[in-house]
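Please read the structure below before turning to the comments.
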Amino acid sequence: MTRPKPTSGKVWRRPREEGYVVTLPSGNIARLRPVALDTLLASGDIPDFLTPIVGRMLFEDQEEGEVFDAGNLVPETVRLIDLVVRASFIEPRVVDDPQADDEIGLADISAQDKGEVFALATQPARVLASFSDDQAQGLDPLSDGEGDEQPAE
């Protein structure tokens, strides 16, 4: 009986290094990598807007204004999405001052595309891979219609 061999490091790294080609809602195509939120959290870059929400849950008798500032929720959420989007794009690269053909800025990415990238990038790599595979299957050539004529009703 043969035992399975451990997965090679190259295979483990492939999603992060090579990513997956995905068509975004805008119709633009990008190569994206999955983004581990725990890695971003460890880097200290993720905005800390969940602490007040957890605090509110733990300390129900506190005044809401003392624990939870909803005014910070939207900008902090946008900041989190932008961090994940920037980390996710392999091609084109997301940079502060795009100049080259393979560079774009955050302002070049629509809110809808950012939402899609965030949702895909924060899923396990297998989800991003299957999303990419599903798209490829949907791109099979269509019939040109010749020889498919049916009488009008």
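Residues that are within 11 Å of the chain's Cα centre (by Cα), at pLDDT below 90 and under 13 Å from Arg31 (Cβ atoms): does region 122-136 have at least one? I'd like the intermediate steps shown before the answer.
Filtering region 122-136 for residues within 11 Å of the chain's Cα centre (by Cα) gives 122-125, 127-128.
Still in the list and also at pLDDT below 90: 122-125, 127-128.
With under 13 Å from Arg31 (Cβ atoms) added as a condition, the list becomes 128.
Within region 122-136 (the criterion being within 11 Å of the chain's Cα centre (by Cα), at pLDDT below 90 and under 13 Å from Arg31 (Cβ atoms)), the answer is yes, since at least one residue qualifies.
Here Glu116 meets the list (1) touching a Leu at 6+ places or on another chain (Cβ under 8 Å); (2) charged (D, E, K, R); (3) modelled with pLDDT under 55 almost entirely, failing just condition (3).
Residues that are at pLDDT 75 or above, surrounded by 12 or more Cβ atoms within 10 Å (Cβ to Cβ) and either polar (S, T, N, Q) or not in a strand (DSSP E or B) (or both) do not occur anywhere in region 49-62.
Quick check on region 4-39: of everything there that is assigned to a loop (DSSP other than H, G, I, E, B) and free of Cβ contacts under 8 Å to residues at least 60 places away in the same chain, which residue is surrounded by the most Cβ atoms within 10 Å (Cβ to Cβ)?
We begin by selecting, within region 4-39, every residue assigned to a loop (DSSP other than H, G, I, E, B); these are 4-8, 19, 24-28, 33-36.
Checking the rest, the ones that are also free of Cβ contacts under 8 Å to residues at least 60 places away in the same chain come to 4-8, 27, 36.
Values: Pro4: 5, Lys5: 6, Pro6: 8, Thr7: 8, Ser8: 9, Gly27: 7, Ala36: 15.
Out of the qualifying residues, it is Ala36.
Only one of (1) surrounded by fewer than 14 Cβ atoms within 10 Å (Cβ to Cβ); (2) small (Gly, Ala, Ser); (3) modelled with pLDDT under 95 is not met by Ser110, so which one is it? The one condition Ser110 does not meet is (3).
Restricting the first member to region 74-85 and to residues that are surrounded by 15 or more Cβ atoms within 10 Å (Cβ to Cβ), and the second to residues that are in a helix (DSSP H, G or I) and among the basic types (Lys, Arg), the beta-carbon pairs closer than 6 Å and six or more apart or on different chains are Ile81/Lys114; Val85/Lys114.
The values are calculated or read from the model by the stated rules, or taken from the named source; none is laboratory data. Note that the structure is predicted; figures quoted are calculated from it, not measured. Cβ coordinates were reconstructed from backbone atoms using ideal geometry, including for glycine residues, and neighbour counts include every protein chain displayed.
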